[in-house]
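Since every read-out is calculated from the coordinates, none of them should be taken as a lab result. Here the structure is a predicted model, which means the values were calculated and not measured. A quick note on method: Cβ atoms are made from the backbone with ideal geometry, for glycine too, and the neighbour counts reach across all protein chains shown.
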Amino acid sequence: MQKAVDAHFHIWRQEDQPWLRGPVVPRIFGPYEPIRRDYPIEEFLADQKGSGVEKAVYVQTNWAKEDFEKEVAFLQTTAEETGWPHAVVGYADMTVDDVRPQIDRLKKYPLLRGVRMQLHWHETPAFRFAAAPDQVVDPKVRANVARLKDYGLSF
């Protein structure tokens, strides 16, 4: 069997996910009733058993924005307890004047390798993550993305 790294996986506790606790609404990824529950690392590991996946990178799952550090802390603790994940991509709000205070808070977690803020646009308002179709080229966003190189992080 070929060995692999899962470059984008999720685990979650429903209590941490406002979008999983609230009313079901149309989402770009379709019906999501089956995931409106906890999905712990133990279940992920059981699901990928025999797949050849030897390591995995957790990618943020849209916790409340103000809980961006709690999410990375949860993953760091999970890794310390189980050995998984091997890297974390957390959330940072790239629309603020200066993202560095957020990154400074996240950098204390050794598994942090990057940040993600979903900037995709869709004609259907319910499917949007970006505030505008050109948010990705907003000067604040561009400046904050550029700042990540000083931390050795990806976007």
Specify whether the C-alpha gyration tensor of the stretch 1-64 places it in the rounded, prolate or oblate class, a ≥ b ≥ c being the square roots of the eigenvalues: rounded for a/c under 1.5, otherwise prolate if a/b is larger than b/c and oblate if not. prolate
What does the C-alpha gyration tensor say about the overall shape of the chain? Classify as rounded when a/c is under 1.5, otherwise prolate if a/b is larger than b/c, or oblate. oblate
Taking placed amide H atoms and a strict 5 Å upper bound, the residues 5 or more places from Ala4 or on another chain that come that close are Val53, Glu54, Lys55
Cut-off 20 Å (backbone N to label point 7 Å along Cα→Cβ of Arg37), residues of the stretch 45-83: 45-49
Residue-averaged 222 nm ellipticity for the chain, from DSSP H runs of 4+ at -39500 (n - 2.57), nearest 500: -7500 deg cm²/dmol
So what are the ³J(HN,Hα) numbers for the stretch 70-78, from phi and the Karplus equation (6.51, -1.76, 1.60; θ = phi - 60°), rounded to whole Hz, Gly and Pro as x? 4, 5, 5, 4, 4, 6, 4, 5, 4
Which lysines, if any, have their Cα less than 21 Å from the Cα of Lys65, not counting same-chain residues under 8 positions apart? Lys107, Lys108, Lys140
For a quick check: with amide H placed at 1.01 Å from N, whose amide H comes under 5 Å from Ala87's, ignoring anything fewer than 5 positions away on the same chain? Ala56, Tyr58
Among DSSP beta bridges lying fully in the chain, give the percent that are antiparallel, nearest 5. 10 percent
Whole-Hz Karplus ³J(HN,Hα) for the stretch 42-58, in order, using 6.51 cos²θ - 1.76 cosθ + 1.60 and θ = phi - 60°, x for Gly and Pro? 4, 6, 4, 4, 5, 5, 9, 4, x, 8, x, 6, 9, 9, 8, 10, 7
Per residue of the stretch 82-91, what does 6.51 cos²θ - 1.76 cosθ + 1.60 with θ = phi - 60° give for ³J(HN,Hα)? Whole Hz please, x for Gly and Pro, Karplus curve as stated. 10, x, 10, x, 9, 7, 9, 10, x, 9
